[in-house]
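This report refers to the structure that appears directly beneath it.
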Amino acid sequence: MRVHCEKRATRATKQSRRIGTELVLLLLVLPVSAYAQSSIAGTWFTEDSSSKVTITQSGNAYTGKVTWVKTEGAVDAKNSDPSLRTRPIMGIDILTGCTGDATSAKGCRIYAPKRGSSYDAELSLDKDGSLKVKVKAGIGGKTQTWTRAS
């Protein structure tokens with residue numbers, strides 16, 4: 001009987017260690033995945049979901065490039081520079097000059113292909129994980145909400 005009880009105790013101890021190890025691994029992985037989602041860097045759907053912009057980080061600088069457009073073959077038809085009106089929107093650097101940290105950036109210039117104009121902008125990560133893009137146009141402005149694509 002004593003041998004049987006010792007085997008049961010050994011088995012229970014092994015299960016406890018395994019569960020403890022799995023819990024520690026889970027706790028180590030969760031903060032990393034949460035951190036990955038808590039940065040303005042990443043790929044975002046624009047407010048109207050007509051394009052995706054991939055924001056990359058280099059030090060405290062951020063830039064954004066159009067990496068997908070809903071309308072295949074869309075061109076920069078309203079650009080103020082006639083020589084650029086036939087360039088594809090796909091691949092345009094639409095966010096430049098941004099500096100900040102993982103959750104916000106200021107000093108941005110954002111290019112709006114639908115208007116053919118550039119504006120001052122600020123970026124901030126919202127509590128719900130969306131990206132707030134505050135565009136300043138003259139004395140007014142507008143805040144767009146972009147959603148994470150990946």
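The values are calculated or read from the model by the stated rules, or taken from the named source; none is laboratory data. None of the values given here were measured: they were computed from a predicted structure. Backbone-built Cβ (ideal geometry, glycine too); neighbour counts: all protein chains shown.
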Suppose we filter region 34-57 for residues that are more than 13 Å from the chain's Cα centre (by Cα) and modelled with pLDDT under 95; how many remain? 0
Output the number of the condition that G129 fails; it satisfies all remaining conditions of (1) surrounded by fewer than 14 Cβ atoms within 10 Å (Cβ to Cβ); (2) part of a strand (DSSP E or B). (2)
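Going residue by residue through region 104-112, is there one that turns out to be in contact (Cβ under 8 Å) with a residue 24 or more places away in the chain, aliphatic (A, V, I, L, M) and in a strand (DSSP E or B)?
Pass one, region 104-112, residues in contact (Cβ under 8 Å) with a residue 24 or more places away in the chain: 104-105, 108, 110.
Now restrict to residues that are aliphatic (A, V, I, L, M): 105, 110.
Narrowing further to those that are in a strand (DSSP E or B): 105, 110.
Yes, region 104-112 contains at least one residue that is in contact (Cβ under 8 Å) with a residue 24 or more places away in the chain, aliphatic (A, V, I, L, M) and in a strand (DSSP E or B).
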